[in-house]
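Everything on this sheet refers to the single structure shown next.
The values are calculated or read from the model by the stated rules, or taken from the named source; none is laboratory data. Owing to the predicted nature of the structure, the values given are computational and were not obtained by experimental measurement. Ideal geometry is used to build each Cβ from the backbone, glycine not excepted, and the neighbour counts take in all protein chains shown. Just so you know, the surface numbers come from the protein's heavy atoms only, side chains and all, with ligands and any DNA or RNA stripped out. Shrake-Rupley method; radii C 1.70, N 1.55, O 1.52, S 1.80 Å.
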Amino acid sequence: MPRQGSWGSMELHNNCNTRASFDISRSSSLAQENLSKSQRIRNKSVDFDDNLPHAENPRLIYINDPRRTNDKYEFTGNEIRTSKYTLITFLPKNLFIQFHRVAYLYFLAIAALNQLPPLAVFGRTVSLFPLLFVLCVTAIKDGYEDWRRHRSDRNENNRESLVLQAGEFQMKKWKTIRAGEVVKIHADETIPCDMVLLGTSDPSGLAYIQTMNLDGESNLKTRYARQETASSIFEGCNVLGLIRCEQPNRNIYEFTANMEFNGHRFPLSQSNIVLRGCQLKNTDWIIGVVVYAGQETKAMLNSAVSPSKRSKLESYMNRETLWLSIFLLVMCSVVAVGMGLWLHRHKDELETLPYYRKTYIRNGRENDNDTNLSLYYYGVGTLTENKMEFRKASVYGKDYSSSNFTEDSLQDDNIRDAAVSSRWKLKSEISVDSELMNFLHKDLAGDERIAAYLFFLTLAACNTVIPIVSQDASSGHGRSDSWGEVKAIDYQGESPDEQALVSAASAYGYTLHERTSGHIVIDVNGDKLRLDVLGLHEFDSVRKRMSVVIRFPDNTIKVLVKGADTTMFSILARDTEKDNLIRQVTQSHLTEYSSEGLRTLVVAARDLTDAELEQWQCRYEDASTSLIDRAAKLRQTAALVECNLNLLGATAIEDKLQDGVPEAIEALRQAGIKVWVLTGDKQETAISIGLSCKLLTADMQQIIINGNSEEECRNLLTDAKTRYGVQPAHRKNENSKRSNNPQNGYFEIPDDAKSSNVLQPCSGKEEPDVCAPLALIIDGNSLVYILEKDLESELFDIATSCKVVLCCRVAPLQKAGIVDLIKSRTDDMTLAIGANDVSMIQMADVGVGICGQEGRQAVMASDFAMGQFRFLKRLLLVHGHWNYQRVGYLVLYNFYRNAVFVLMLFWYILCTAFSTTSALTDWSSVFYSVIYTSVPTIVVGILDKDLSHKTLLKYPKLYGAGHRHEAYNLQLFWITMIDTLWQSLVLFYIPLFTYKESSIDIWSIGSLWTIAVVILVNMHLAMDIRRWVFITHAAVWGSIIITYACMVVLDSIPIFPNYWTIYHLAKSPTYWLTILLIIIVALLPRFLFKVIHQIFWPSDIQIAREAEILRKATPNLRSKPNEDSS
Amino acid sequence: MADMNRERHRTRETAFYLFTQQSLPACKPVLTPGWVITIFLFMGLIFIPVGLITLRASHSVVEIVDRYDTECVPEAFRIDKISYIQDDSIPKNCSRFMKVHKYMKAPIYIYYQLDNYYQNHRRYVKSRSDKQLLHGQKYHDTSSCQPVELNSGQPIVPCGLIAWSLFNDSFTFIRERAELKVNRKNIAWKSDRDHKFGKNVHPFNFQNGTLIGGGKLNPKIPLSDQEDLIVWMRTSALPSFRKLYGRIEEDLDADDVIVVNLMNNYNTYSFGGKKKLVLSTSSWLGGKNDFLGHACVIIGSSSLILAIVFTLLHLKYRRPHGDTSYLPWNRKSLSG
């Protein structure tokens, strides 16, 4: 289960919404309304820094002056409390929470009624027993969990860190740390509270942290101390200053503050803060000042749980529960009227009042079991990367994508510097293009050569990747001086695309070697090149590019930019003929690359003049220190330098499909699940991915809708409708659609432009497929117009008649919108699967998260988590099937189990002058559902399997049983109820006839009924169990034995009127014969029905089961599933 | 990686792993026609003999039933039986003749049977105090005995409706002028006598109140020896029931005529209940009841018929089991 951090989901939600708004605004004139909608649901922190002037209510932190810091404001201490209860509040609070369940209230009401003597059916204590039992078990569980939480809180609070006290660092317990204090953390220690970095062991103020506990991403992230404080800390001075920061909020990806220090004022951002729960890595120590402590830390503020989801079966079940309630009411009124009449007839001798009441609904509690079971799932927990590989490059208009990407083609090439290969060993091998490699070793002359030089420099420099050099037994930590040793470089970055590019650059001899906030060192074929980084404009989804401003050792200033082709071509210089030519060629290369399913980036650069630099620097300082609207200001600043760029080339990265994706999609489609792909990628990429994962096939008719205005979209839609003769979609009885997400990310913000699929089941009915199957391809732009306007239904008509729907360029919030559209327009279930589309996953009926390189946000928001897409096949076809069969059967069985019991009691009531006498002892009535029959239900709910996973995977179409509601439907319900009626009649009348006019007493016949009904329901279950393991045997037969044991014990207590009953009965052969007869006669119709059905009208599952178990050789197996896929 | 594999391999062995991965060794029954026919045959072969044996046992039981509630009311009172039964001055003795039509082997059980008597009525069943029956006056809380719990402020021993309505008709049996010996000991369960009814509890104020119900009890005899009460207090399950009165420990021959002198004290007239006297021998199966035997024979023979029907059907419409070409999508592709 993905809930390993309870605070995960909320944070993700917020975070995702924030991102979504960027996404939408980026896509040219995309939905303003969506934007505003998303803003509305953004968390309050965003509202805060959007709307409130920072001066109004900043939080003031006086560095190393906790007294003054905490003087004015009531900041919380660093003590945390995740526990829900204290000793005093436990009982009331826990009970209050438990009684949120309606079933409990019902039982409470019943128990309360039983306390009134005239209404008491059971004894007073006995009637409380079931409720108390459930309440106690839950309370004990909650209490234990809370005790564990208390304990872990205590451990957490009593951990110690070095805190600056009276001029030196002393150990101090975490719970006593206050805001404003200065804390020192050593490598591999956990950060106790949210701190602004003041200095680190690195002179440039660099620190690496691992945020695994916070967002699950395992790569290292860089955090910087501001140069100003870092140097003074490094020199050992005390730092005194004032930090103004925003009020505590739960957004872990944003932090806005500024710091006054030595008379200067400079900005602090996300990169300057380390959060509670993170771990310090690769850095000897850091010193920071506490800004948020305890409950106000971002980690703690993010503790919340996501909303719960309900299964469809559950709602059906509620409907049937209602039916049964009506049924019960009818029964009660029959008793009431009957009793009234009886009393009326006999009022001479009895002056009693009619007491009647609803008695025995025992369904409520059992139903809980089922809902829990629907989440029964074994984690398939291997984590695999989606590997990015640098495949092709176009440099200065020349395409280096010829086939000679061989790894060892250069091994004997003497141009290649032996030192390079020995010195830098990359963790992953990259194949290089020999032509490009040779070209790069020529002298640095000519436009083309310089462009290639800058191209790779950009790849190496323009990113946020951190090189981590691991030395093999060489000298200490000074990493600069130990040349000649074999070193391995591991690139840690937030985006796999960037890592791929940096690795590629390294393979071509441009190895990123060192990165600090102020400079980077690139090893160009053995020569160390130190570049000063003057500024860095990080990737954002509006600009969709990233740039660095660097100063070369010869004092020339250059801007290096890389970005998406859509936003890059518009800011290129258009001066010369040559430029235009290169542009056209590169563009054609890009189209070619993306049609192959590769992800493309455009690389460009330009020189900056001193004047431009000055102007930019001024604005940059200003923008990056501002507390309000920093992002927009930075964007404007970036626009100053990101213009008139010279095109250098383009890159193409392959995002390898995960193993088994085409097979999985194929299987899901056979299973009758409709697959919708929602991706952030552009149309060409999306189509090519669709082709490569066999979602689209060559014979499909593609309807492409990519209009830029409402009118255009309307025309395209109506055109498509008329051309392909689409009928308005009828509401079909489809029952589940699914969505999913193979990884196609864009670089920089890896989680913004992901693709995902919505899978949706076809109706079981055949649609007249006269022409070729249709595929709908629609882009995000058009979707905006369509979803906003009333074209929704038109789109829906087309979409439902298409075999495949592929939406490209969709923003995360739009994905959620599409899922919502399907949910609201059909009765279908939706399943969303994705690596990062939190809102979509939460919107869908079933959310599946994939944990890959992209982080685990989706995993934490999801209902199920898995390592790879292909496991979805197993999740749905195998576990989904098993679960459906089990839950479907168990719902019916539980209805039956309780109804047969109640009906049996009911028939007896008719024989007691409608006076609601129960022949069963109070204890037996209570134990019936709690002890006598509950265990087999649970065991079967967990262990029963109709088919093996091999068979289920072999025939994906078996999944269709779920769409057709085979395991549970209204017809089955009524058949079961008729069977129940028969069984209850048999149960009642056979003993009645056997003991007619005999001296049998009420407790003996009650005892007989008790054991008969227990054996009957257990035999009924046993008849339907399809897989017997020893646990099942133990549960079923054990239940019967335990029932006997309980009855023996109950009948051995002299104070009960039923004393010694069972001993008398057991001596009588009639008793045993009656039980045998009851079981056989009661189950005979069911057995007959089952046998006739299985032999003459077998279901798919039955045939597959026979095939599996009897292992008949079936030569035509292999070809079949493929044949009918068309 | 290799380590992990080895690790996995090791854990794979353990039963817990098998359990969590749901790969425990399992038996998966399939209902093949062979199995079905075998099951029906087997059921037929079991139930028919059992049914026949049961029927035989039931037929071996000789039972004489005599309804006496109406006959024992003098003609003059037949119109208003209630006033007859409620009038203490009218003598209630009555004689009945019972003809033995078949040899009856001792012990012969004497039952009285009441019809339309709801001893299983909720308020009736609950109106007793098991603790008082065992501990007598030492146990004061007799609230469960409503409406017959107190008599002039003192708990009645034994309290409650059941005891209050104790059956009090009595029977003596005469064969050829000699009184038949009726054993009225050991008619109640031993367990009840020993553990449920106190040896030191005496019914000192029973039936002393204003409204007299049924029989009275001898205050000198402790409850544990009041077997009629003990039998009566084991309330019957159904509105028609028999209760053991005693045993005749002599054989009765066919055509013997038994004269029964009875005291018709018990009022069943106000609610239209019937009273019967039953003499019955017993078999290993208990009393006379053909139902079980008939049911077994019917089930057995229908099982046999089903077995034959299934055999024929199986021969005629044979479906190869586990042939996946019968799967619907395969069928479609075959035909298309």
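Taking the range B:31-65 as the range and being touching a residue at least 60 places away in the same chain (Cβ under 8 Å), open to solvent by 20 Å² or more (accessible area, probe 1.4 Å) and not in a helix (DSSP H, G or I) as the test, the residues that pass are B:Thr32, B:Ser60, B:Glu63, B:Val65. Taking each residue of the range B:81-97 that is closer than 30 Å to B:Arg175 by Cβ and in a loop (DSSP other than H, G, I, E, B) and looking for partners that are open to solvent by 50 Å² or more (accessible area, probe 1.4 Å) and not acidic (Asp, Glu) with beta-carbon atoms closer than 7 Å, six or more apart or interchain, yields B:Lys92/B:Met263; B:Lys92/B:Asn265. Hey, can you tell me all the residues within the range A:539-552 that are surrounded by fewer than 18 Cβ atoms within 10 Å (Cβ to Cβ) and either in contact with a His (Cβ under 8 Å, 6 or more places away or on another chain) or over 16 Å from A:Leu454 (Cβ atoms) (or both)? Passing the criteria: only A:Val542. The helices (runs of 4 or more DSSP H) located wholly in the range A:891-962 that include 1 or more residues which are touching a Gly at 6+ places or on another chain (Cβ under 6 Å) occupy A:922-927. Of the listed requirements (1) assigned to a loop (DSSP other than H, G, I, E, B); (2) open to solvent by 10 Å² or more (accessible area, probe 1.4 Å); (3) more than 14 Å from chain A (Cβ to nearest Cβ), B:Gln137 misses just one: (1).
Yes/no matrix, rows are residues, columns are (1) under 30 Å from A:Arg964 (Cβ atoms); (2) within 11 Å of another protein chain (Cβ to nearest Cβ); (3) more than 44 Å from the chain's Cα centre (by Cα):
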| site | (1), (2), (3) |
| --- | --- |
| A:Ile1002 | no, yes, yes |
| A:Leu1008 | no, yes, yes |
| A:Val1017 | yes, no, no |
| A:Pro1054 | no, yes, yes |
| A:Tyr1059 | no, yes, yes |
| A:Ile1080 | no, yes, yes |
| A:Ile1095 | yes, yes, no |
| A:Ile1101 | yes, yes, no |
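Of all residue pairs spaced 6 or more apart or on separate chains, those with beta-carbon atoms under 6 Å, a first member in the range A:869-897 that is of a type in the set (A, V, I, L, M) and a second member that is surrounded by fewer than 24 Cβ atoms within 10 Å (Cβ to Cβ) and not in a helix (DSSP H, G or I) are A:Val887/A:Ser374; A:Val891/A:Tyr968. As for the range B:201-214, it holds no residue that is within 14 Å of chain A (Cβ to nearest Cβ), under 24 Å from B:Tyr109 (Cα atoms), assigned to a helix (DSSP H, G or I) and open to solvent by less than 60 Å² (accessible area, probe 1.4 Å). In the set (1) touching a Leu at 6+ places or on another chain (Cβ under 9 Å); (2) open to solvent by less than 20 Å² (accessible area, probe 1.4 Å); (3) closer than 20 Å to B:Gly287 by Cβ, B:Asp115 fails one condition alone, (1).
Rundown of residues vs (1) crowded, with 18+ Cβ neighbours inside 10 Å; (2) at the interface with chain A (Cβ under 10 Å from one of its Cβ atoms); (3) not small (Gly, Ala, Ser), yes/no style:
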{"position": "B:Leu238", "(1), (2), (3)": "yes, yes, yes"}
{"position": "B:Lys243", "(1), (2), (3)": "yes, yes, yes"}
{"position": "B:Ile248", "(1), (2), (3)": "yes, no, yes"}
{"position": "B:Leu252", "(1), (2), (3)": "yes, no, yes"}
{"position": "B:Asp255", "(1), (2), (3)": "no, no, yes"}
{"position": "B:Met263", "(1), (2), (3)": "no, no, yes"}
{"position": "B:Tyr266", "(1), (2), (3)": "yes, no, yes"}
{"position": "B:Gly272", "(1), (2), (3)": "no, yes, no"}
{"position": "B:Lys275", "(1), (2), (3)": "yes, no, yes"}
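The residue that is nearest to the chain's Cα centre (by Cα), among those in the range B:74-112 that are open to solvent by 90 Å² or more (accessible area, probe 1.4 Å) and within 25 Å of B:Lys181 (Cβ to Cβ), is B:Lys105. Count of the range A:584-626 residues, restricted to those that are aliphatic (A, V, I, L, M) and open to solvent by 20 Å² or more (accessible area, probe 1.4 Å), is 2. Scanning the range B:66-80 for residues that are out of contact with any Ser or Thr (no Cβ under 9 Å at 6 or more places or on another chain) and either part of a helix (DSSP H, G or I) or farther than 17 Å from B:Asn265 by Cα (or both) yields B:Glu75, B:Ala76, B:Ile79.
Selection of the range A:227-268 for residues being part of a strand (DSSP E or B) and either at positive phi or of a type in the set (Gly, Ala, Ser) (or both) yields A:Gly241, A:Ala257.
Quick grid of which residues meet (1) among the charged types (D, E, K, R); (2) touching a residue at least 60 places away in the same chain (Cβ under 8 Å); (3) within 30 Å of A:Cys693 (Cα to Cα); (4) outside any loop (DSSP other than H, G, I, E, B):
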| position | (1), (2), (3), (4) |
| --- | --- |
| A:Leu581 | no, yes, no, yes |
| A:Arg599 | yes, yes, yes, yes |
| A:Cys618 | no, no, no, yes |
| A:Glu621 | yes, no, no, yes |
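Applying the set (1) open to solvent by less than 10 Å² (accessible area, probe 1.4 Å); (2) within 7 Å of chain B (Cβ to nearest Cβ) to A:Ser1068 leaves exactly one unmet item: (1).
All conditions but one from (1) within 13 Å of chain B (Cβ to nearest Cβ); (2) within 42 Å of the chain's Cα centre (by Cα) apply to A:Leu1021; the one that does not is (1). Go through the residues of the range A:1016-1030 one by one and say whether even a single one is in contact with a strand residue (DSSP E or B) (Cβ under 9 Å, 6 or more places away or on another chain) and closer than 15 Å to A:Leu905 by Cβ. The answer is no, given that none of the residues of the range A:1016-1030 is in contact with a strand residue (DSSP E or B) (Cβ under 9 Å, 6 or more places away or on another chain) and closer than 15 Å to A:Leu905 by Cβ. Taken across the range B:92-108, residues that are touching a Gly at 6+ places or on another chain (Cβ under 6 Å), at negative phi, modelled with pLDDT of 90 or more and aromatic (Phe, Trp, Tyr) do not occur at all.
Residues checked against (1) within 25 Å of B:Phe42 (Cβ to Cβ); (2) modelled with pLDDT under 70; (3) assigned to a loop (DSSP other than H, G, I, E, B); (4) among the hydrophobic types (A, V, I, L, M, F, W, C):
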| residue | (1), (2), (3), (4) |
| --- | --- |
| B:Gly293 | yes, no, no, no |
| B:Ile299 | yes, no, no, yes |
| B:Ile305 | yes, no, no, yes |
| B:Phe310 | yes, no, no, yes |
| B:Leu315 | yes, no, no, yes |
| B:Arg319 | yes, no, yes, no |
| B:Ser325 | no, yes, no, no |
| B:Asn330 | no, yes, no, no |
| B:Ser333 | no, yes, no, no |
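Residues of the range B:117-134 that are more than 10 Å from chain A (Cβ to nearest Cβ) and either aromatic (Phe, Trp, Tyr) or out of contact with any helix residue (DSSP H, G or I) (no Cβ under 6 Å at 6 or more places or on another chain) (or both): B:Tyr117, B:Gln132.
Confirm whether B:Asn218 is out of contact with any Lys or Arg (no Cβ under 6 Å at 6 or more places or on another chain), more than 9 Å from chain A (Cβ to nearest Cβ) and touching a residue at least 24 places away in the same chain (Cβ under 8 Å). It is false that B:Asn218 is out of contact with any Lys or Arg (no Cβ under 6 Å at 6 or more places or on another chain), more than 9 Å from chain A (Cβ to nearest Cβ) and touching a residue at least 24 places away in the same chain (Cβ under 8 Å). Screening the candidates A:Ile931, A:Ile942 for the property of being open to solvent by 30 Å² or more (accessible area, probe 1.4 Å) and within 12 Å of chain B (Cβ to nearest Cβ) yields one hit, A:Ile942.
In the range A:1027-1034 there is no residue that is free of Cβ contacts under 8 Å to residues at least 40 places away in the same chain, at the interface with another protein chain (Cβ under 10 Å from one of its Cβ atoms), aliphatic (A, V, I, L, M) and in a loop (DSSP other than H, G, I, E, B).
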